[in-house]
Amino acid sequence: MNIFVYGDESGVFDKKHNDVFVFGGLVFLDKEEKDKQCRKFLHAERCIRPYYGNGSRDGELKACRISNKHKSNLFRSTNGCIRYAFVINQQSVADEAFNNKKRKQRYLDYVYKVGLKRVFSRLIRAGKIDPRDIDNIYVRFDEHTTATDGRYELKEGMEEEFKHGTMNFRYNIFHGPIFPEMRGVVDLSFRDSKNDTLIRASDIIANQAWYYEMSGRGHELGGKMHVVRFP
């Protein structure tokens, strides 16, 4: 089995001016389902594109540019998919995590890899994933300014969490991997959302999760997607 993960983010990671930051996206457990849902989302985009004129010819119908009604339409087109949201309550995060750009990135990387691990663990318990039957995990994320070495650190961190296990030296505790017999690798790449339909779908999911949190309806998200809250 190969696992395909798509993701994007919503909000600004800056606790002085913001309360909520969200990673959101999709998990697919086979290529055929991924391709089917990609076609379904493209169709949903085509249905609303005429409302946005020539500015949408590049296919970029980002959540920040379209109406709430059309965001809801696009979100509903992902019904039946495995959706996730990793929600950070920034006011509860230690100030030290915001001290500099590298610390911010390390914290966000921690949230993303642990969030995915918890979603995978839920899918294992639900019988949707056999942890002994994993080949590769492909993670596709919206392109941003993370430095090359930072991307490598995130890839290594995910492989440790999923394939090798991690050591908490502070408490001398080893956390075993969830896929100890994984045969392949974690393949991480960052892509321009203009050229990747399922990253645009992830943008909609992340934005919807952020909107629910900011409007005091975060408790409703559990019925719509896998939610993991931090810290």
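The values are calculated or read from the model by the stated rules, or taken from the named source; none is laboratory data. What you see is a predicted model, and the numbers here were worked out from it, not measured in a lab. Quick reminder, even Gly has a Cβ in these numbers, built from the backbone with ideal geometry, and neighbours come from all protein chains shown. All accessible areas refer to the heavy atoms of the entire protein, side chains included, with ligands and DNA or RNA removed. Shrake-Rupley method; radii C 1.70, N 1.55, O 1.52, S 1.80 Å.
All of (1) among the β-branched types (Val, Ile, Thr); (2) without any contact (Cβ under 8 Å) to a residue 60 or more places away in the chain; (3) out of contact with any His (no Cβ under 8 Å at 6 or more places or on another chain) hold for Ile199 with one exception: (2).
Screening the candidates Gln105, Gln91 for the property of being closer than 18 Å to Val12 by Cβ, in a helix (DSSP H, G or I) and either open to solvent by 70 Å² or more (accessible area, probe 1.4 Å) or among the charged types (D, E, K, R) (or both) yields one hit, Gln91.
Every test in (1) open to solvent by less than 60 Å² (accessible area, probe 1.4 Å); (2) more than 24 Å from Arg191 (Cβ to Cβ); (3) touching a helix residue (DSSP H, G or I) at 6+ places or on another chain (Cβ under 7 Å); (4) assigned to a helix (DSSP H, G or I) is passed by Pro131 save one, and that test is (4). Among the criteria (1) assigned to a loop (DSSP other than H, G, I, E, B); (2) touching a residue at least 60 places away in the same chain (Cβ under 8 Å), the one Val12 does not fulfil is (2). The single condition among (1) open to solvent by 10 Å² or more (accessible area, probe 1.4 Å); (2) modelled with pLDDT under 95 that Ser56 does not satisfy is (1). Among the residues of this structure, Asn79 counts as one that is assigned to a loop (DSSP other than H, G, I, E, B), closer than 30 Å to Val186 by Cα and modelled with pLDDT of 95 or more.
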